[in-house]
Amino acid sequence: MSGRAIAGGVVLGCGLLLAGVAEAAGRPVTLSAADGVTLSGELYEATATPAPAVVLVHMLGRSRADWDETAAVLAAAGVTALAIDVRGHGASGGSARPLTDAVQDVRAALQWLSQRPGVRPDALGVVGASMGASLAVLAALDQPLARVVATVSLTLDYQGLRVSTETFKALAGRAVWMAASREDPYAARTIAELSKDGPVTVEQLLSAEPAHGTLLLRADPEVARSLVDWLRVRLLS
């Protein structure tokens with residue numbers, strides 16, 4: 001399976017994917033949203049700099065820890081990763097409601113990354129799972145810093161976080177990757193809806209594993225490998 005072509009890139013083999021992960025340890029950081037809420041994050045820095053970088057956004061009720069393994073793999077592959085706790089989650093301050101307030105947390109993380117020494121501000125991306133997928137897309141709309149957007153288990157309406165074909169028109173010119181389980185009907189339908197003919201080319205991957213969000217990355221290693229490979233191709237080129 002490790003040699004299968006996915007979404008225009010070649011999936012990394014397990015050996016290459018895991019090489020150097022042990023050396024790619026994260027370190028805690030703090031940053032502030034535009035309204036002053038203090039946010040906690042974990043920064044995994046690539047060794048070779050300047051490096052492209054991505055923001056990783058978790059699911060509802062979860063934390064940045066869900067991204068630890070993926071972030072370490074990305075750093076080992078040459079992409080700096082910042083996993084954040086959005087407001088009201090993990091070690092961050094503020095309230096989790098309304099969910100729409102957390103869009104500014106993702107924007108703040110992108111801006112913070114763009115100003116880091118050793119990060120290429122012209123090669124930034126945002127990745128989210130479930131609720132985090134919706135936040136990633138909505139934050140990218142007015143953040144041209146986000147050159148690429150990747151989602152796992154995105155849905156058209158996540159408790160008021162609405163994404164539509166009209167939303168995607170505003171992402172014209174960006175690279176978009178989407179993954180979901182075929183056993184997750186709403187997320188699978190969302191990919192089909194947003195992948196229709198339009199101004200944005202969506203590279204998609206449907207998994208047979210019955211899992212949602214970051215749990216899908218664990219249940220189907222092919223999805224995790226494909227995500228890392230796609231980010232490397234898009235951001236390191």
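Nothing in this text is a laboratory measurement; each read-out follows from the coordinates by a stated rule. Everything numeric in this text was worked out from a predicted model, so none of it was measured. All Cβ positions, glycine included, derive from the backbone under ideal geometry; neighbour counts span all protein chains shown.
Computed from backbone phi, the HN-Hα couplings of the stretch 55-62 come to 9, 10, 10, 7, 7, 4, x, 10 Hz, rounded to whole numbers (Karplus: 6.51 cos²θ - 1.76 cosθ + 1.60, θ = phi - 60°; Gly and Pro given as x). Among all helices in the chain defined by DSSP H, which have a length of 24 Å or more along the axis from Cα atoms plus a Kyte-Doolittle mean of at least 0.5? Answer set is empty. Computed packing ranks the peptides 148-155, 91-98, 127-134 as 127-134, 148-155, 91-98, most packed first, by mean other Cβ atoms within 10 Å. Annotation: amide H-H contacts under 5 Å for L171 (H modelled 1.01 Å from N, sequence separation of 5 or more, or interchain): none. Amide H contacts for A51 (H built 1.01 Å from N in the peptide plane; partners 5 or more residues away or on another chain; cut-off under 5 Å): V119, R120. Which one of W112, T214, T155 is farthest out on the positive end of the charge dipole of the chain, using unit charges on Cβ (Lys, Arg +1; Asp, Glu -1) and the Cα centre as origin? The one lying farthest along the dipole's positive direction is W112.
Let me spell out the model: positive unit charges on the Cβ of Lys and Arg, negative unit charges on the Cβ of Asp and Glu, origin at the Cα centre of the stretch 5-236. What dipole size does that give, in debye rounded to 20?
Details: 19 positive and 23 negative charges, 69 e Å.
Dipole of the stretch 5-236, to the nearest 20 debye: 340 debye.
Packing, as the average of other Cβ atoms within 10 Å across residues, places the peptides 225-234, 54-63, 108-117 in the order 54-63, 225-234, 108-117, highest first.
Between beta-carbons, use under 15 Å as the cut-off and find the net charge around L141, counting Lys and Arg +1, Asp and Glu -1.
Working: positive: R107, R147, R162, K169, R174; negative: D105, D142, E166.
Its environment carries a net charge of +2.
Summing charges over neighbours of G118, with a neighbour being any other residue whose Cβ is under 15 Å away from its Cβ, gives +1 when K and R count +1 and D and E count -1. Projecting the Cα atoms of A71, W230, A102 onto the charge dipole of the chain, computed from C-beta unit charges around the Cα centre, puts W230 farthest toward the positive end. Based on Cα contacts under 8 Å between residues 6+ apart, the stretch 5-236 shows a relative contact order of 19 percent. Each residue of the stretch 172-179 was assigned a 3J(HN,Hα) from its phi angle through the Karplus expression (A = 6.51, B = -1.76, C = 1.60, θ = phi - 60°), giving 3, x, 9, 9, 10, 10, 9, 9 Hz with x at Gly and Pro.
On full extension, the segment bounded by A34 and K169 gains 46.0 nm, given 0.36 nm per residue less the C-alpha separation. Counting only the Cα atoms, the stretch 71-206 fills a convex hull of 114 Å³ per residue.
Which value at 222 nm does the chain reach when only helices count, each DSSP H run of 4 or more adding -39,500 (n - 2.57), with the total divided by all residues and rounded to the nearest 500 deg cm²/dmol? Before the final figure, lay out the partial values.
Details: 8 runs with 74 residues, N = 237.
Computed mean residue ellipticity for the chain: -9000 deg cm²/dmol.
Scanning residues 5 or more positions from Q204 or on other chains, those with amide H under 5 Å from its amide H are M178, with H placed 1.01 Å from N in the peptide plane. Look at the dipole of the chain built from charges on Cβ: of L124, A187, V55, the Cα furthest out on the positive end belongs to L124. The phi-based Karplus calculation (6.51 cos²θ - 1.76 cosθ + 1.60; θ = phi - 60°) puts the 3J(HN,Hα) values of the stretch 151-168 at 10, 10, 6, 6, 10, 5, 9, 9, 6, x, 8, 9, 10, 9, 4, 5, 4, 5 Hz, whole numbers, x for Gly and Pro. Treating each Cα of the chain as an identical point scatterer and summing with the Debye formula, the log10 of I(q)/I(0) at q = 0.08, 0.15, 0.16, 0.18 Å⁻¹ comes to -0.24, -0.94, -1.09, -1.43.
Within the shell of other residues whose beta carbon sits under 15 angstrom from the beta carbon of Y186, the net charge comes to -1, with Lys and Arg scored +1 and Asp and Glu -1. The stretch 80-154 gives an Rg/Rh value of 0.95, both radii derived from C-alpha positions and Rh following Kirkwood.
Distance from the C-alpha centroid of the stretch 124-163 to that of the stretch 46-66: 14 Å, rounded to the whole angstrom.
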